[in-house]
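Novice: Quick one: the structure is below, questions incoming.
Quick note: the coordinates plus some simple rules give every number you see, no bench work behind them. Keep in mind the model is a prediction, meaning the values are calculated, not measured. Here the Cβ positions follow ideal geometry from the backbone for every residue, glycine too, while neighbour counts run over all protein chains shown.
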Amino acid sequence: MVPFKLPLLDIFNSLRQRHGLPLGIDEYLAVLRSLEAGFGIGSRQEIEQLCCMLWAKSEEENHLIRRLFEQMWQYQPVELENEDKRSQDSTPIDKTETPEESFSDEPLLELETQPSLTPEPVQAVQAVRSSTRNRELRRPRYSLLTEYFPVTRRQMKQCWRYLRRPVREGVPIELDIEATVAKMSREDILLEPVLIPPRSNRTDLVLLIDQEGSMVPFHELSRQLRETAERGGRLRQTRVFYFHDYGDEYLYRHPALLDAQPITEVLAEIGERAVVLIISDGGAARGNFDQERVESTKVWIEQLQQSVRYCAWLNPMPNECWQDTTAGEIACLLPMFEMNRQGMNAAISVLRGRYIAWERMYSWLL
């Protein structure tokens, strides 16, 4: 049998377009790669079984694919069928009949009468793209939600706005009522009110975000935290750095862990008045314990605490998943909170310098 002369693309398109199977380019290319590796080329039954294994997700779909193959064999040239018989040494073919009422009697798409110069994988891509619009019209419309439900974008912005260190600075444009009343009582007349500079938030926030590895499912959450802090937090300055597992010698300005900067330089630039919020699962997502990571994270946290005044940790994993993991040990080193609205509010309170009895919140970790 010469499998690459078979119109597999017709069967593939029929399964997708007429029968609605959720197949993509990867599934089609998987069959071609398997055939190139020598799988499914011994007999008709083998190639049918290969396609059923890679394309069918149920017994009904399995019967459908075999039915389409039966139709395909009827359209094959006589010489291809003779070649198939020779490769099987005259072994009789066991044709499995399936209930016809379960499938459409509609024949396959007509085979190409002229040889195509376009490679078959490229034809598959073109066929998928050309039929996308028709499939979208038949499919029901769904809304893609981008919210991270434990805490929404709006709630994030509200939490960031509690992170304030108001300082009066700039041109005096606000009325100081108490000073103005006192001045009137002394002078018995109001000639000029007392003005003071407006309050402005002088908080500098540093976000240290864990990337890659077990944090991949939480990349969208990390991105929302960064965007809401930068655009809606009303902070004086927000700096974002990335790391993997723990900060070693370098932090990175790009989420792909590019544009490295020595951590000593970062700490020198941000100053002691900055507050640091770490976003990481601390190893809780995989549920294992890594003593080396605990020791390295401890050194890193001590370095942070010597350089900044307040530091907290947000963990996207539920706190019941921290026990007996690396995160459970790290939670004993600095305030760590679950990534929900209550946990985020608690982390903001720590960054504001307010005492949070986080040891009592997670006493089972100690």
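Novice: What list do you get for Ser34, Ser185, Ser222, Ser296 if you sort them by fewest beta carbons within 10 Å? Walk me through the numbers on the way to the answer.
Specialist: Values: Ser34 18, Ser185 8, Ser222 23, Ser296 15.
Ordered from fewest to most neighbouring Cβ atoms within 10 Å, Ser34, Ser185, Ser222, Ser296 come out as Ser185, Ser296, Ser34, Ser222.
Novice: What list of ³J(HN,Hα) values in whole Hz, one per residue of the range 323-339 in order, does the Karplus curve 6.51 cos²θ - 1.76 cosθ + 1.60 (θ = phi - 60°) give from phi, with Gly and Pro shown as x?
Specialist: After applying 6.51 cos²θ - 1.76 cosθ + 1.60, I find 4, 6, 10, 4, 4, x, 6, 5, 5, 7, 8, 7, x, 10, 9, 5, 7 Hz.
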